[in-house]
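Below: the structure, in structure tokens.
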Amino acid sequence: MHTQPNPSVLNIALVGEGEFCREMLQKKTFEFEELEMQAHIKAVAAKNPDAEELLLARQLGLTTVLDYHELFQPQYKINIMILLTPDFDLYKDILRTKPPHLRLVSYPAFKLVHKAIGHHEEELKRQSREFKMILDGIDDFIIVLTPDMEITEVNESFLKRMGYAREEVIGKKCHEVFQKINRICDAEVLCPLKEVIRNKRPSQRLMTRIDREGGLRHIEVTIYPVWEADGKILKFVEISRDVTERIEEEEAITQRLEKMVEKRTRQLKETQGKLIQQDKMASLGKLSASVVHEINNPIAGVLNLNLLMKRILAEGDLGPESIGNFKKYLTLMETETRRVSRIISNLLGFSRQSNMELSRFDLDQLIEKTLLLNENLLRIGHVAVEKKIAPDLPKMVGSPDLLQQVVINMISNAVEAMQPKGGTLHISAGLLENGTILLQFKDTGIGVPVENRSRLFEPFFTTKKKGKGVGLGLSVVYGIVKEHGGRIDVESEEGQGTVFRIELPVEALAEKLEQ
């Protein structure tokens, strides 16, 4: 395995006092990356024992002497001696007395190099100022971090928006500043730095961070790795954006939309309730007209029996035969009266205001009760009913009142579709494998034209003559079925009749019933 050699080290001694000496002492160490070399200032020689430069050198832990000849000794290991004074005699003396291995940099040569270095440093400082101005002019946060998660640089936008002073963040760990904790973030905080190290590519995510005052900020963070030549990560550059205002605005908009949707949903339910009641009143009008005939027959029978009994009483013939007839007549009167009572009770029950009052009920019984209510309508329309309900049909959870209206509308539509000749209405119900009841209404009527099928469930769409309906029936049916978590579809061919298929989940509303 190839390893990089350690860079060579040169030890420098400075001879002389003044500004040049102080500048050199401030640098102390020089690196030459291309030559893989480091140079360290190890000693300073000056004639004045009270010279400021000697005091500074001692504070830095350097060797200080009054006679530069001492530095020629091998124990100091000086490789280069730099002359910081224009004294030519001094230069000649050093050149004459130095050991052969010691290299001497004359004052003119030093000034030339110093000028070049100074110019280069000024250029670097200028570029650094420009770079800092650019960074501080960027509205996004820019943060530079080490692989040890230490913050080494931030721009002004970060300091201003997060409320920090520069000295409060430089040199601190990112988790100390962003999360206010003294340990590396645990699994609950998804650290993008760890993600960059793991995936070896930039990472972007939305994070929550804490500002100086403890306020929660939403930050959109993107981390870019900076690579060394050997493939190791040298730095992380984070470019992030404070999106707190945007997030809060989105949350406020979402809350407003939710309130609007809630209000609109409430309005739609109220409108649907009005439509259902309006449709019910229309159905009630039809039922009332047919029920009048249905009630008239038993009432006429009761009246005739009553007149017959009065005539027998008037004749005074109350033999055993007459008493037997009386009993038979009373039984018939009771039967007919109960029939009238049952019809009126069903009609009154249907006329009540319908609400989504849930219960567990028998769909077969509901269909039977609704057929009884429509018995005269079916007879007048010359419509026979064939009912086939599966014996194992379970009780379902729903609103019996609303679903009775569905059945009434299906029967009414079927009767009208089979006029004037009449026909047969097939009603069937069975349980599907998915726990859904399939309820079907199949008539032998005229069918629905192709161009009208897609509009059957639209409110106020009707093909009936004026005065025969306003087109609410099937749209109300559609709404009720959907409210029960079900679905309805239709198949029809002109001249071949129509089939309405209604699927009603047995337990879809069970949770609401328990509540």
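Sorting 121-131, 143-153 by average packing, meaning the other beta carbons within 10 Å per residue, from highest down gives 143-153, 121-131. Got the relative contact order for region 8-124 handy, in percent, Cα pairs under 8 Å and 6 or more residues apart? Answer for region 8-124 is 26 percent.
A simple spin-label model places the labels of I181 and Y224 2.9 nm from each other, with each point 7 Å out along Cα-to-Cβ. Rounded to the nearest whole Hz, the Karplus-based 3J(HN,Hα) values (6.51 cos²θ - 1.76 cosθ + 1.60, θ = phi - 60°) of region 219-233 follow the sequence 10, 8, 10, 10, 10, 10, x, 10, 9, 7, 5, 8, x, 8, 7, with x at glycine and proline.
Once you put a point 7 Å from the Cα of L268 and another 7 Å from the Cα of K47, both along the Cβ direction, what distance in nm separates them? My value for the distance between the label points is 10.1 nm. The order of the peptides 374-386, 257-269 by mean Cβ neighbours within 10 Å, most packed first, is 374-386, 257-269. Would region 8-124 count as rounded, prolate or oblate if I go by the C-alpha gyration tensor, calling it rounded below 1.5 in a/c and otherwise prolate when a/b exceeds b/c, oblate otherwise? Because its axes are fairly even, with a/c under 1.5, region 8-124 counts as rounded.
Along region 485-502 the Karplus relation, 6.51 cos²θ - 1.76 cosθ + 1.60 evaluated at θ = phi - 60°, assigns HN-Hα couplings of x, x, 9, 9, 9, 9, 10, 7, 9, 4, x, 10, x, 9, 10, 9, 10, 10 Hz to successive residues, with x for each Gly and Pro.
Packing, taken as the mean count of other beta carbons within 10 Å per residue, orders the peptides 477-489, 359-371 from highest to lowest as 477-489, 359-371.
Beyond a 32 Å Cα-Cα separation, which of these cross-linked pairs lie in this structure: K259/K369; K42/K125; K395/K421? List each step's numbers first, then the result.
Values: K259/K369 42 Å; K42/K125 27 Å; K395/K421 36 Å.
Beyond 32 Å between Cα atoms: K259/K369; K395/K421.
Short-range pairs are left out: with C-alpha atoms under 8 Å and at least six residues apart, the relative contact order of region 138-242 is 28 percent.
No value in this document is a laboratory result; all are computed from the given coordinates. Bear in mind that the values here come from a model prediction, so they are computed numbers and not experimental data. We place every Cβ from the backbone using ideal geometry, glycine too, and count neighbours over all the protein chains shown.
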